[in-house]
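Below: the structure, in structure tokens.
The values are calculated or read from the model by the stated rules, or taken from the named source; none is laboratory data. No experiment lies behind these values; they were computed from the predicted model shown. Cβ coordinates were reconstructed from backbone atoms using ideal geometry, including for glycine residues, and neighbour counts include every protein chain displayed. Quick note on the areas: whole protein, heavy atoms, side chains included, nothing else; ligands and nucleic acids left out. Shrake-Rupley method; radii C 1.70, N 1.55, O 1.52, S 1.80 Å.
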Amino acid sequence: KEVTIPSSVEKIDSFAFEYCKNLQSVTISQGVKTIGRYAFRGTKIKKITIPSSVDSIGGYAFDTKSLSEAIIDDSDGIISVDSTAFPENCKVKYKSQMGFFGKLFN
């Protein structure tokens, strides 16, 4: 039902947790740099916080109907987020050095 990605992991590979239908909670630790395509597709995650160490999120990484909120800590600089990384119904917020911003794509 839940998983914590430790700081020793730099990349969450494409399809890593795809269709893990019981997965409801994910904690991504500071240190992870890449989240691959379809990494959490088909899970039951409701909310996700992306740490500032992440610099790339692949297409359909969080393609799940249950995800309603994503907070991306972009305070360390530019992050590459594929326009299909999050579902359309998901509220995506960027946390930067200047505060929070709303969804910038889709």
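Close amide H pairs (under 5 Å, H built 1.01 Å from N) link SER56 with ILE35, SER80, residues at least 5 positions away or on another chain. Expressed as a whole percent, the accessible surface of the chain that belongs to carbon and sulfur atoms is 48, based on a 1.4 Å probe.
Put simply, the Cα atoms of the chain extend 36, 32, 19 Å along their principal axes, the longest span coming first.
Backbone amide hydrogens, once placed in the peptide plane, bring LYS91 within less than 5 Å of GLU69, ALA70, excluding anything fewer than 5 places away on its chain. Rounded to the nearest 20, the Cβ-based charge dipole of the chain about its Cα centre (Lys and Arg +1, Asp and Glu -1) stands at 420 debye. Of the chymotrypsin sites (Phe, Trp or Tyr not before Pro) found in segment 4-88, those in coil by DSSP whose Cβ has at most 16 other Cβ atoms within 10 Å are PHE15, TYR19.
Counting every alpha-carbon pair across segment 37-97, the share separated by more than 14 Å comes to 50%.
Peptides 43-51, 25-33: what's the order by average Cβ count within 10 Å, highest mean first? Working shown, then result.
Numbers: 43-51: 18.8, 25-33: 15.3.
Output ranking for 43-51, 25-33: 43-51, 25-33.
A 1.4 Å probe run over the protein chains yields, for the chain, 56 Å² of accessible area per residue, whole-number rounding.
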